[in-house]
Amino acid sequence: MPVLTRLIPSPVVVDIRPGALDDLASVLADQRISQSGRLAIAVSGGSGARLRERLSPTLPGADWFEVGGGTIDDAVRLADGMKSGRYDAVVGLGGGKVIDCAKYSAARIGLPMVAVATNLSHDGICSPVSILDNDAGRGSYGVPMPIALLIDLAVIREAPIRFVRSGIGDALSNISAVADWELSHRVNGEKVDGLAAAMARQAGEAVLRHPGGCGDDGFLTVLSEGLVLSGIAMSIAGHTRPSSGACHEISHAIDLLYPKRAASHGEQVGIGAAFAMHLRGDPESSRIMADALRRHGLPVVAREIGFSDEEFVRAVEFAPETRPGRYTILEHLDLTPERIKDAYTDYVASVTA
Ligand SMILES: [Zn+2]
């Protein structure tokens, strides 16, 4: 008999709205994630301190743990601090570093993890992966998916707007990443998971077409949902294909070649995506994406993030080496540096006309 359906690993609670954080304790109690209120809450020392002050009265049974940084040692230290406390759950309250530390620590001590994202800078908010620095560089560690995810739009609005912009670039880049995945299917027969592709693409398209801006709740809701769906799409696929193609290879190349000068993840993958769409022979879609980036205050050409045309061409040339085995429009065209330069000149003329 064929498998009739499949179960999708996903959080039990997804709560995205202004004020969500004020109801944290009651949401966790209602969902039987924490009935006793015994929570271990991981926060950063900086902006986390203010949230701690504000939330402490509503969470009398919670213990607070300050997360030093985003290394595996920080995560292990956090787990050691939490392990004797008989908690119901670990809450990661903060940006990517805090959430990734909390995810890993919760897995290590066998507790469910609740993610409370205080910025929207990338699509790792709701994923079964923890990105932590180790002695050899940066590692991706498989961990359970968060059991609950809260995004308080009032808190998101307090974070610097560059974080929201970064999330926009990351969500939009899904459209290009899925196109790369489908290209690899046509050329190499790589299996595409249709549901993961649908979720990732719809997340990107919804952000692309939404008429609102960084300041309004309607847009921030769609962006938050898009980033959550991207994470779940990667979890379904079992790899990052739904949200990472040539766009991300180019961004990783910039990170590796110019580590001290790199811009935000979303700025880099946004430019990478718009350029990859141009390379795919679709200047119209490339322009639509560039227009969306510009409308939200994101850069569309490398010079706007401080890189010369030559430096960007060098990054595009190096990009395939950052993800060996991944087939995207870059590997497909296998361009010489001269042809990359010509294509980039064309792209710049097209999106700045
Ligand atoms: Zn990304």
Original post:
What distance in nm separates the simple spin-label points at Arg294 and Glu310, each placed 7 Å from Cα in the Cβ direction?
Top reply: 2.7
**OP:** Which order do the peptides 332-343, 60-71, 270-281 take when ranked by the mean count of other beta-carbon atoms within 10 Å per residue, highest first?
**Re:** 270-281, 60-71, 332-343
Original post:
In straight Cα distance, which aspartates and glutamates are under 16 Å from Lys83, not counting same-chain residues fewer than 8 positions off?
Top reply: Asp63, Glu66, Asp73, Asp74
Original post:
Relative to a virtual label point 7 Å from the Cα of His239 in the Cα→beta-carbon direction, which members of the stretch 155-194 show backbone nitrogen distances below 17 Å?
Top reply: 177-194
Subject >> Computed FRET value (nearest 0.05) for Asn188 with Arg157, which takes r as the C-beta separation and R₀ as 45 Å >> reply: 0.55
Original post:
How would you order 73-84, 146-157 from highest to lowest mean count of nearby Cβ atoms within 10 Å?
Top reply: 146-157, 73-84
Original post:
Could you give me the ³J(HN,Hα) list for the stretch 334-347, computed from phi with Karplus coefficients 6.51, -1.76, 1.60 and θ = phi - 60°, whole Hz, x at Gly and Pro?
Top reply: 6, 6, 6, x, 5, 6, 4, 4, 4, 5, 5, 4, 4, 4
Original post:
Rounded to a whole number, what % of the accessible area of the chain do carbon and sulfur atoms account for, probe 1.4 Å?
Top reply: 52
Original post:
Could you work out the helix-only [θ] at 222 nm for the chain, with each DSSP H run of four or more residues adding -39,500 (n - 2.57) and the total divided by the number of residues, to the nearest 500 deg cm²/dmol?
Top reply: -16500 deg cm²/dmol
Original post:
What share of the DSSP beta bridges in the chain is antiparallel, in percent to the nearest 5?
Top reply: 20
Subject >> Antiparallel DSSP beta bridges within the stretch 13-158, percent to nearest 5 >> reply: 20
**OP:** List every residue whose amide H lies under 5 Å from the amide H of Tyr327, counting only residues 5 or more places away in sequence or on a different chain, with H placed 1.01 Å from N in the peptide plane.
**Re:** none
Subject >> Folded to 0 to 90 degrees: helix 161-188 orientation relative to the chain principal axis, Cα >> reply: 60
Subject >> Solvent-accessible heavy-atom area per residue, rounded to whole Å², over the chain at 1.4 Å >> reply: 43
Original post:
Roughly how many debye, to the nearest 20, is the charge dipole of the chain about its Cα centre, given +1 on each Lys and Arg Cβ, -1 on each Asp and Glu Cβ, and no other charges?
Top reply: 580
Original post:
FRET efficiency for Glu321 and Arg17, Cβ-Cβ distance as r, R0 = 41 Å, nearest 0.05?
Top reply: 0.45
**OP:** In whole angstrom, note down how far apart the Cα centers of the stretch 21-43 and the stretch 309-330 are.
**Re:** 44
Subject >> Neighbour net charge for Thr58 - beta-carbon separation under 12 angstrom, K R +1, D E -1 >> reply: -1
Original post:
Between rounded, prolate and oblate, where does the stretch 63-118 land on the alpha carbon gyration tensor, with a ≥ b ≥ c its root eigenvalues, rounded for a/c under 1.5, else prolate if a/b exceeds b/c?
Top reply: oblate
**OP:** Pull out a ≥ b ≥ c, the square roots of the eigenvalues of the alpha-carbon gyration tensor of the stretch 161-352, then state rounded if a/c is under 1.5, prolate if not and a/b is larger than b/c, and oblate in the remaining case.
**Re:** oblate
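The values are calculated or read from the model by the stated rules, or taken from the named source; none is laboratory data. The structure presented is a predicted model; accordingly, all values stated were derived computationally and were not measured. Cβ sites come from the backbone with ideal geometry, for glycine too, and all protein chains shown count toward neighbours. Ligands, DNA and RNA are stripped out before the accessible areas are found, and what is left, the full protein with its side chains, is counted by its heavy atoms. Shrake-Rupley method; radii C 1.70, N 1.55, O 1.52, S 1.80 Å.
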